[in-house]
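**Q** This is the structure, below, for whatever I ask next.
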């Protein structure tokens, strides 16, 4: 039992060590004394096997150094893939829990204010707002509408409309998910120049429905449990119920998917970079390194090194998420 | 239950319409110009003798024939106003591409492919015929394997960790690496040439049904294996997380105390409850079955749905693309309803909103 | 559950054991990377469709791959050419042996019918119309049904070859009553040029019949006079062509190579992935693998286990070029463009991206064409010192941030470039990254810009790029640089924006010159001009690589697409196993 505990601690330390190493590599990659730059092809060393020449970990089919690409790829992973996974999970959790908790009929707003807002939006949608006069006009209309709404509300017109949160989230998720990634990528290629920020946005926008659906299902399950009913009858506010009592119980689902989300998002980044939509070609990434193996299927080192990097990162994240979920306090 | 189902299904219609309309307008507005250019690009590089005017005419006529010369929507952006209050839009009437497409859709027609001028429905049907055996086979294998693997998730920590690490390793490999690796190992004259390298062979129409099935299976074995290997990790990891949660529950302790064998506790008790979050995977799985897998279909030369849609996207063949998206969106929405119903059946405590 | 799993396993094993016996026939199996998609002879969206159509139909002239020149096919001999003002009159005589499948002879009337189909409104013939729009009229000979004269607008020599380079369609099949006969070609041409063509009932009926034939997917509805018929086509899987039992050319005594078709069947296998195609070749599933990637080709050639394969290379006319957008203010002067062209490491790039299987050239002319290749110009070598001195000559001054200059009273210019290319090709990426590295060492920031294919074309045509990479396909038959460098092609094929009165005149003179030695002199002059002005840099010409099973001979491996001649291939009987 004791040895097992020690082993577990060791693994936790290893995981921390790897992640710390990753962060250091990400931070220091530009100042490390690397013999080769990640984006400068060495035309005299094309697809060289590791340990045979000047390049320690070999080169890819374009003559770029694998070691340098791995280190700079860590930078990309830390700056793009990890934040993307975190943001997508966060967005998914927020939207999914809201959808599961409030369903379609638990948030209500007074109809008059809704109508007033709608009126302002409709006006600015129909008319051009180029000159000063029309913006002024918009302000007058907005003020008039909200005043009228307040008057009506005071006069006793208390009709409410329910916000269909669940339907909206599911529909939005379906919209995102029903466009094959490839088509989305090609459409975006016509709009955006490849850049890290753009890539981050695309990754988050396409990936959030997965976590959202999982969290929604989990919240649906927990919401029906007796202790939530009890909390409700005690008169606890919705927000407190959701964030104090329901979400902590979803943590194990979220934390189990997070590491695999990172791996998937690196994979997604591979595909996008391959299509020329992801990162600019001079930015190294693990995904790009893996994709370069397509040019030389027999070059095992192009698969082995980035796949190992991805694997170790995933395992380390999983180890940490396990630790956290076991000792939530 | 019946009313609930009907309600949900009826509500799908506007959602599907909205999704399709958005995609239609987005895709066409972004690459209106590029389409015809792409079609005639080959010509303009070889057509040594065509003059600029001739090419311009050809492009205009091609756009007219494909129905792209009309305005896109009922209204389009009005020219920029110089002063005062001006309408943002101008009215185009009903002779527009969207109206035409909608009318076509209401007759259950999806139009004709820009590339080979075939009806889209026939194209999709043919592609589905190739894709469904592949993806359904892979899904069956994945679920079967996950079911078989579930008891091992109750293994002592270290062995379980090793199993999960192996799965994570599998997950770190992109699909094309797995597919190529299988090909280089099992269809290579230098290694083991057990399986065919590509395609579906030439079926012998005179052969018996079983022989034909066997023949098909022989060609589909490697692609199915590749898809199974890639989709297994996510499923098992999800299952494992849910099982961890359930195994701590009281009823499992009771079951164990009764002296039930561990495998039985797993399958009969914990697994059933752990399946609930995994049900959401169904909403991913069913559309995935229809959408096919571009990579596997490319590597193994199968003419399935994934490849068809990818080629259509690359060639800006919008009728085919929209047909594919319609199919996937419909299946996804149906899968969502199905998942909700299954929730209801497995855990009646969940209240379904009408 | 275990039992189920076991039985699935058994089924797989069973399936694996029941390997279908390969039938020992004489079908030649050729790898294609994509489907022909549309086999309508008027559309032909890709080179594969073109290749298939050339086996199903005959044209008046065809290419002899071994001699690399146009030779008569349906025509008895090369046509007689007369010049008349701005027109060329080209007179053809059809072969007396040529017949359709029903035994009727191929006549001048069929050629006239084909031209009308290419110009008939309501048909999917936009591309054909643009390409063959220079054929103004056809004059039938009243005495000889096999004799006719085409009237061509223009004087370029290549028009003569192009005037016979489209499949001739059978009138008896598409228009048995001859309804199109009374309609004049000129009337059809005038009609299609309008936005809303007037259409006579005969033309409308014909367009309907044409559409009803569904030629795009059922080319068997239009049997041509080529040596093969379509036996089976499973889109995206394979295309099987069967040799006609009797083809009209079988009756020709001492047939020329283009009148011989050897394989009894040709099966085009569609395998998109290169690695898979390589395995299929190694296993003998396919016999011919054209356009093998350089890396695979070299590995395979050195592989002892691949002793049952033969390898062919041929110098092609495809070249990868880097273009400068001369309309940009920083690239407007020739010295800057010359300086930048010294940054390409061409020998290194040939080695790196093509494994040495490509060859450099001083200009747009293939160095193999010794008569016209200007060998007195030196090949470009990477030379950053030369580049720097040329930049200073152009008025650029190096400062801390890079290079800048002031031209006249205009705004200060900074030497910063984007380099656009079509995404998806590793060779392009290698070139751009090499250039970027070399430029960075000199202090010039270059931003690579990979673009999706149609977006790339759009930007090129709009002139929105600084530098770009482009694959140009030449041919050994004619020299016409007008589409890529004439100022009239601005916005169409001339993406560099280059073109002066003198260069335009020279390009026109080269295209119309009939005398070979005079043309050679002008071509040498043109190459020198291109080097001086440097609107584009020819990086290298590609080599075509072909691997084939050793029992296939007479492939006519060549540098003209598709790189082999399917109809010429002979199958040697497989020799009995050696002891």
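**Q** Considering every residue within the stretch C:155-177, establish whether at least one is on the phi > 0 side of the Ramachandran plot, in contact (Cβ under 8 Å) with a residue 24 or more places away in the chain, within 14 Å of another protein chain (Cβ to nearest Cβ) and in a loop (DSSP other than H, G, I, E, B). If you could, list the steps in order and put the result at the bottom.
**A** Our first condition is that a residue be on the phi > 0 side of the Ramachandran plot; within the stretch C:155-177, this holds for none.
No, the conditions are met nowhere in the stretch C:155-177.
**Q** Follow-up. In the list C:491, C:497, which residue meets the criterion of being surrounded by fewer than 20 Cβ atoms within 10 Å (Cβ to Cβ) and in contact (Cβ under 8 Å) with a residue 40 or more places away in the chain?
**A** C:497
**Q** Determine whether the stretch B:182-189 contains at least one residue that is farther than 30 Å from residue B:261 by Cα and away from chain A (no Cβ under 14 Å).
**A** We begin by selecting, within the stretch B:182-189, every residue farther than 30 Å from residue B:261 by Cα; these are B:182-189.
Subset that is away from chain A (no Cβ under 14 Å): B:186, B:189.
Scanning the stretch B:182-189, I find at least one residue that is farther than 30 Å from residue B:261 by Cα and away from chain A (no Cβ under 14 Å), so the answer is yes.
**Q** Let me ask something additional. Residue C:334 - would you say it is away from chain A (no Cβ under 14 Å), closer than 30 Å to residue C:478 by Cα and surrounded by 17 or more Cβ atoms within 10 Å (Cβ to Cβ)?
**A** Here the answer is yes, as residue C:334 does meet what is asked.
**Q** Would the stretch C:509-523 turn up any residue that is in the same structural domain as residue C:464 (by TED's automatic domain parsing) and closer than 30 Å to residue C:300 by Cα?
**A** Looking for residues that are in the same structural domain as residue C:464 (by TED's automatic domain parsing) and closer than 30 Å to residue C:300 by Cα, one finds none in the stretch C:509-523, hence no.
**Q** Next up: Take residue B:134 and decide whether it is surrounded by 14 or more Cβ atoms within 10 Å (Cβ to Cβ), modelled with pLDDT of 90 or more and at negative phi. Lay out the reasoning, then the answer.
**A** Working: surrounded by 14 or more Cβ atoms within 10 Å (Cβ to Cβ): yes; modelled with pLDDT of 90 or more: yes; at negative phi: yes.
Yes; evaluated as a whole, the condition is true for this residue.
**Q** Could you say which residue among B:153, B:148, B:128, B:167 is more than 9 Å from chain A (Cβ to nearest Cβ), within 30 Å of the chain's Cα centre (by Cα) and either assigned to a loop (DSSP other than H, G, I, E, B) or at pLDDT 90 or above (or both)?
**A** Of B:153, B:148, B:128, B:167, the one residue that is more than 9 Å from chain A (Cβ to nearest Cβ), within 30 Å of the chain's Cα centre (by Cα) and either assigned to a loop (DSSP other than H, G, I, E, B) or at pLDDT 90 or above (or both) is B:128.
**Q** Take the stretch A:193-221 and flag every residue that is surrounded by fewer than 20 Cβ atoms within 10 Å (Cβ to Cβ) and out of contact with any strand residue (DSSP E or B) (no Cβ under 8 Å at 6 or more places or on another chain).
**A** Just the residues of the stretch A:193-221 that are surrounded by fewer than 20 Cβ atoms within 10 Å (Cβ to Cβ), to begin with: A:193, A:195-198, A:200-201, A:205.
Of everything in the stretch A:193-221, those that are surrounded by fewer than 20 Cβ atoms within 10 Å (Cβ to Cβ) and out of contact with any strand residue (DSSP E or B) (no Cβ under 8 Å at 6 or more places or on another chain) turn out to be A:195, A:196, A:197, A:198, A:200, A:201, A:205.
**Q** Could you tell me whether the stretch A:84-105 includes any residue that is surrounded by fewer than 17 Cβ atoms within 10 Å (Cβ to Cβ), under 25 Å from residue B:17 (Cα atoms) and modelled with pLDDT of 85 or more?
**A** no
**Q** Then there's this: Could you count how many residues in the stretch B:185-213 are outside any loop (DSSP other than H, G, I, E, B) and either in contact (Cβ under 8 Å) with a residue 12 or more places away in the chain or buried (at least 16 other Cβ atoms within 10 Å of the Cβ) (or both)?
**A** Within the stretch B:185-213, residues that are outside any loop (DSSP other than H, G, I, E, B) and either in contact (Cβ under 8 Å) with a residue 12 or more places away in the chain or buried (at least 16 other Cβ atoms within 10 Å of the Cβ) (or both) number 2.
**Q** Would you tally the residues in the stretch C:436-467 being part of a strand (DSSP E or B) and more than 14 Å from chain B (Cβ to nearest Cβ)? Before you say what the answer is, go through the steps one by one.
**A** Applying the first criterion (part of a strand (DSSP E or B)) to the stretch C:436-467 yields C:446-451, C:467.
From the residues that got through so far, the ones that are more than 14 Å from chain B (Cβ to nearest Cβ) too are C:446-450, C:467.
So the count comes out to 6.
**Q** Right, here's the next one. Suppose we filter the stretch C:229-259 for residues that are surrounded by 17 or more Cβ atoms within 10 Å (Cβ to Cβ), in contact with a helix residue (DSSP H, G or I) (Cβ under 8 Å, 6 or more places away or on another chain) and away from chain B (no Cβ under 14 Å); how many remain?
**A** So the count comes out to 5.
**Q** While we're on this one: Answer with yes or no whether residue B:122 is out of contact with any helix residue (DSSP H, G or I) (no Cβ under 9 Å at 6 or more places or on another chain) and facing chain C (nearest Cβ under 9 Å). Break it down into steps so the answer makes sense when it comes.
**A** On the way: out of contact with any helix residue (DSSP H, G or I) (no Cβ under 9 Å at 6 or more places or on another chain): yes; facing chain C (nearest Cβ under 9 Å): no.
When the stated conditions are applied, residue B:122 does not pass them.
**Q** Quick check on this structure: which one of B:211, B:242, B:193 is away from chain A (no Cβ under 14 Å), out of contact with any strand residue (DSSP E or B) (no Cβ under 9 Å at 6 or more places or on another chain) and more than 19 Å from residue B:136 (Cβ to Cβ)?
**A** Within the list B:211, B:242, B:193, the selection yields B:211.
**Q** Determine the pairs where a residue that is on the phi > 0 side of the Ramachandran plot and modelled with pLDDT under 95, located within the stretch C:286-315, has a partner that is crowded, with 17+ Cβ neighbours inside 10 Å and in a strand (DSSP E or B) with Cβ atoms under 8 Å apart, the partner being 6 or more residues away or on another chain.
**A** As it stands, the answer is C:291/C:544; C:291/C:545; C:291/C:546, since those pairs meet every condition given.
**Q** Tally time: how many residues in the stretch B:273-318 are part of a helix (DSSP H, G or I), modelled with pLDDT of 80 or more and within 14 Å of chain C (Cβ to nearest Cβ)?
**A** Qualifying residue count, the stretch B:273-318: 15.
**Q** Can you tell me which residues in the stretch C:113-137 are touching a strand residue (DSSP E or B) at 6+ places or on another chain (Cβ under 7 Å), crowded, with 20+ Cβ neighbours inside 10 Å and outside any loop (DSSP other than H, G, I, E, B)?
**A** Answer for the stretch C:113-137, where residues must be touching a strand residue (DSSP E or B) at 6+ places or on another chain (Cβ under 7 Å), crowded, with 20+ Cβ neighbours inside 10 Å and outside any loop (DSSP other than H, G, I, E, B): C:115, C:135.
**Q** Can we say residue B:73 is part of a loop (DSSP other than H, G, I, E, B), at pLDDT 80 or above and either on the phi > 0 side of the Ramachandran plot or more than 10 Å from chain C (Cβ to nearest Cβ) (or both)?
**A** yes
The values are calculated or read from the model by the stated rules, or taken from the named source; none is laboratory data. What you are looking at is a predicted structure, and each value in this text was computed from that prediction instead of being measured. Cβ sites come from the backbone with ideal geometry, for glycine too, and all protein chains shown count toward neighbours.
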